[in-house]
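Structure, as structure tokens:
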Amino acid sequence: MTETGAIVLSAAVGLLGVASTVLGFVAKATKLTHLEIFLISLMRRDRMRTGEIVVSVAVGILGVASAVLGIIAEATKLTPNDIEVSRTQCVHPANPAFELALCALLLLLVAQIIHTAAGGCCGCCRPRTGASQPKRVGGIVASVLSWIAALSAGALYLQGTVLNAPLTHNVFADGCYYLKGGVFTRAAVLSLVASAFGILSYFLLTRTQAQAPAPAATPTTAAAIRAEPKPGGP
């Protein structure tokens, strides 16, 4: 097995281990949540639903996976010593950072699509009665911040993929460039920030209002009560 294949395989195994651990904790949390809902569902109706847990876990795992791939890409990116420079050519050899950055970008995009669709497209496709006005505004702001962080991370991932692509450049026409340190690391951090804001936005946009008080007796009902004859009356 080549060094690139070994690194990619190790990254995949590590991600599966992280996902398995997270899902184990989520399974326990889900059982507790269902128990709480069963015990006090008659008193409170704003408990976390199973669908919210699934969406949050999916977005969280995808965000963490994107960040992990970004960190691995940072450790395996091309260095000046890896680039072969001749009189007229600059050769970028194949390296795992190129594939890892593309996978990280794809995972981040899927996470953004999931929480945006589940939250009703930043609240635009969800009825206004579904959440209170402060929560709705907060959810929209969190969604916008999530997309800003995601787009920034995506730009860094794209920059990294371009400068780590296995290509041959003409030194005089295109120059010979390499990716400086910290680009993939910043992208990984922004991926986590984007996922965190995305989950927060989803919660704020899906929290239901408190149950409204029972309506007062209508005039018709009150009049019927007053018009009811008394026992023993005419």
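So here's what we get for this one:
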{"read-out": "Restricting the stretch 138-175 to residues that are among the small types (Gly, Ala, Ser) and not in a helix (DSSP H, G or I), the residue that is modelled with the lowest pLDDT", "value": "GLY175"}
{"read-out": "Total residues in the stretch 74-121, condition of a type in the set (Asp, Glu) and in a helix (DSSP H, G or I)", "value": "2"}
{"read-out": "Among residues of the stretch 182-234, those that are in contact with a Ser or Thr (Cβ under 9 Å, 6 or more places away or on another chain), of a type outside the set (A, V, I, L, M, F, W, C) and either at pLDDT 55 or above or closer than 30 Å to LEU100 by Cα (or both), counted", "value": "7"}
{"read-out": "Single residue of the stretch 74-94 satisfying the filter (aliphatic (A, V, I, L, M) and modelled with pLDDT under 80) that is nearest to THR161 (Cα to Cα)", "value": "ILE83"}
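The values are calculated or read from the model by the stated rules, or taken from the named source; none is laboratory data. Remember, predicted model here, so these are calculated numbers, not experimental data. Please note: Cβ atoms are built from the backbone with ideal geometry, for glycine as well, and neighbour counts cover all protein chains shown.
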